[in-house]
């Protein structure tokens, strides 16, 4: 299993646990009177699961197990694969950190809003990077 | 990679790119609002593209490719026509559902029926291949 695939899978597991823990906080926020930020983290929790857990796991396993591109570059362009990993994770963490705060204090806008735009661009770049690097590895008979 | 899987996997990648693009627009709009009506219209498309177009289609493509094969001669992947039918119905269904999400409920209904047809065709192909490794006698 190549190092980048290990990183993907380990990050995916961390996101999985984090998302479920956040689910506990959301469920507990009313009965225990926790900070409303837990309740505002609904979309962030959903994306921790679908981007952090499911998509990271798919990206990691596909990078590892899809047919090799060539003998010289079995997993496509390494720089693109690494950039994809960094963009996906930085973008997701930025979203999870910023979105609930912005939902509670929309007037704060400004910098927080632009950070969310950065998160959107980073995650988009990750998606495109994965497609670019994986496409040539899907070869017919 | 068998040809139906190549098409399923490449279509999944295209839907990933589209779904992430729509998702990026929605998230950026949350940060710096610029098109509230468009955001409402794009949300169902974002879900459909990434759930059906990307995740489900990827799973179907990989399953058709790596599940145990039926036999060495003939068609090792079972009836490929069923996989092609599943591919066509899934993609038609998801795009009809996306088109219908702009307030045309009967299009969404037709899309969902097509998606069920895709699932049935896929299941009919894969069912006999879900078994222990090794070539079967059937």
Enumerated helices (runs of 4 or more DSSP H) restricted to segment B:1-111, each holding at least 2 residues that are farther than 26 Å from residue B:124 by Cβ: B:3-31, B:36-48, B:80-100
Members of segment A:132-141 found to be surrounded by fewer than 18 Cβ atoms within 10 Å (Cβ to Cβ) and facing another protein chain (nearest Cβ under 7 Å), listed by number: A:135, A:139, A:140, A:141
Some residue of segment B:57-70 being within 14 Å of another protein chain (Cβ to nearest Cβ) and free of Cβ contacts under 8 Å to residues at least 12 places away in the same chain: yes
Segment B:29-54, residues that are free of Cβ contacts under 8 Å to residues at least 12 places away in the same chain, surrounded by fewer than 22 Cβ atoms within 10 Å (Cβ to Cβ) and either under 30 Å from residue B:82 (Cα atoms) or within 9 Å of chain A (Cβ to nearest Cβ) (or both): B:29, B:30, B:32, B:33, B:47, B:51
Set A:4, A:49, A:22: member being surrounded by 15 or more Cβ atoms within 10 Å (Cβ to Cβ) and touching a residue at least 60 places away in the same chain (Cβ under 8 Å): A:4
Count of residues meeting criterion [closer than 25 Å to residue B:78 by Cβ, surrounded by fewer than 22 Cβ atoms within 10 Å (Cβ to Cβ) and more than 7 Å from chain A (Cβ to nearest Cβ)] in segment B:6-28: 2
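Every residue, every condition in (1) modelled with pLDDT of 95 or more; (2) within 13 Å of the chain's Cα centre (by Cα); (3) within 12 Å of another protein chain (Cβ to nearest Cβ), yes or no:
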residue	(1), (2), (3)
A:55	yes, yes, yes
A:60	yes, yes, no
A:84	yes, yes, yes
A:88	yes, yes, yes
A:104	no, no, no
A:107	no, no, no
A:119	yes, yes, yes
A:123	yes, yes, yes
Residues of segment B:77-109 that turn out to be more than 20 Å from the chain's Cα centre (by Cα) and without any contact (Cβ under 8 Å) to a residue 24 or more places away in the chain, as a count: 4
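The values are calculated or read from the model by the stated rules, or taken from the named source; none is laboratory data. All values reported here derive from a predicted model rather than from experimental measurement. Every residue, glycine among them, receives a Cβ derived from its backbone with ideal geometry; neighbour counts consider all protein chains shown.
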